[in-house]
Amino acid sequence: MPLPDASSFLQRVFDALLTDGVDVADLVLDHICYRVATPDRYIVWKDLLSKNGELLGEHVIGGRPIATFKLHAPIDHQDRRIAVVELPAPNIGSPYPEGWEHVEFAVDEGPRVFAARHPSLRWDLSSADKTINPDARLSYDGFSVKFHERSLEEVIAQERQGPTPQPPRHKA
């Protein structure tokens, strides 16, 4: 079974960013996230993604598992190829409708520094000081866009290698 088409979701993302004046032309669209509503759907989707890609890792974050897959055939949208899909299990008591829910861009700098370039936007900086891969988020109607320092694939690869000294984090 193929993955559901993400083109209309991605078009909404890029249209919203364009409207807000956030230039992402030179940024890597690191990954796309698919939300499921039930633990059973999480299992179904893990199976689907495992047939369409390689499991990079499954970690418990915030009390629930999150699986990350690298697709054999990336999702194509305009001039971008998105190879990584994040699949979080649902949080108990916080249901989400099933579907594409957010994208994340790697900005190679601190999220506060990136967000400061767009001071008129309503940034959620609640995760900007996380120890591992902090981010800044913009929320839109039915989806969000995150901007973080490093790609999810890079973070997972580093976690596999074990703890290493972290480079200094950017702050603004």
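The set of residues from region 62-80 being surrounded by 12 or more Cβ atoms within 10 Å (Cβ to Cβ) and either in contact with a strand residue (DSSP E or B) (Cβ under 6 Å, 6 or more places away or on another chain) or charged (D, E, K, R) (or both) comprises Arg64, Pro65, Ile66, Ala67, Thr68, Phe69, Lys70, Leu71, Pro74, Ile75, Asp76, Arg80. Within region 87-97, is there a residue that is touching an Asp or Glu at 6+ places or on another chain (Cβ under 6 Å) and surrounded by 12 or more Cβ atoms within 10 Å (Cβ to Cβ)? Scanning region 87-97, I find no residue that is touching an Asp or Glu at 6+ places or on another chain (Cβ under 6 Å) and surrounded by 12 or more Cβ atoms within 10 Å (Cβ to Cβ), so the answer is no.
Of His59, His31, which residue is of a type outside the set (Gly, Ala, Ser), touching a strand residue (DSSP E or B) at 6+ places or on another chain (Cβ under 7 Å) and surrounded by fewer than 16 Cβ atoms within 10 Å (Cβ to Cβ)?
Details: His31 fails: surrounded by fewer than 16 Cβ atoms within 10 Å (Cβ to Cβ).
Criteria check complete, one pass: His59.
Considering only region 118-172, how many residues are at pLDDT 90 or above and on the phi > 0 side of the Ramachandran plot? Total meeting the criteria: 1.
Go through region 84-119 residue by residue and tally those that are among the aliphatic types (A, V, I, L, M) and farther than 26 Å from Asp20 by Cβ. I'd like the intermediate steps shown before the answer.
So the first thing to find is which residues in region 84-119 are among the aliphatic types (A, V, I, L, M), and the list is 84-85, 87, 89, 92, 103, 106-107, 113, 115-116.
If we keep only those that are farther than 26 Å from Asp20 by Cβ too, we end up with 87, 89, 92.
Residues meeting the conditions: 3.
Against the test of being surrounded by 21 or more Cβ atoms within 10 Å (Cβ to Cβ), over 14 Å from Val24 (Cβ atoms) and not β-branched (Val, Ile, Thr), the options Ala157, Ala116, Ala128 yield a single qualifying residue, Ala128.
Hey, can you tell me all the residues within region 9-56 that are among the hydroxyl-bearing types (Ser, Thr, Tyr), assigned to a helix (DSSP H, G or I) and more than 20 Å from Ala83 (Cβ to Cβ)? Walk me through how you get there before you give the answer.
Step one: filter region 9-56 for residues among the hydroxyl-bearing types (Ser, Thr, Tyr), giving 19, 34, 38, 42, 50.
Narrowing further to those that are assigned to a helix (DSSP H, G or I): 19, 42, 50.
Of everything in region 9-56, those that are among the hydroxyl-bearing types (Ser, Thr, Tyr), assigned to a helix (DSSP H, G or I) and more than 20 Å from Ala83 (Cβ to Cβ) turn out to be Thr19, Tyr42.
The values are calculated or read from the model by the stated rules, or taken from the named source; none is laboratory data. It should be emphasised that the depicted structure is a prediction, and the values quoted were computed from it without experimental measurement. A quick note on method: Cβ atoms are made from the backbone with ideal geometry, for glycine too, and the neighbour counts reach across all protein chains shown.
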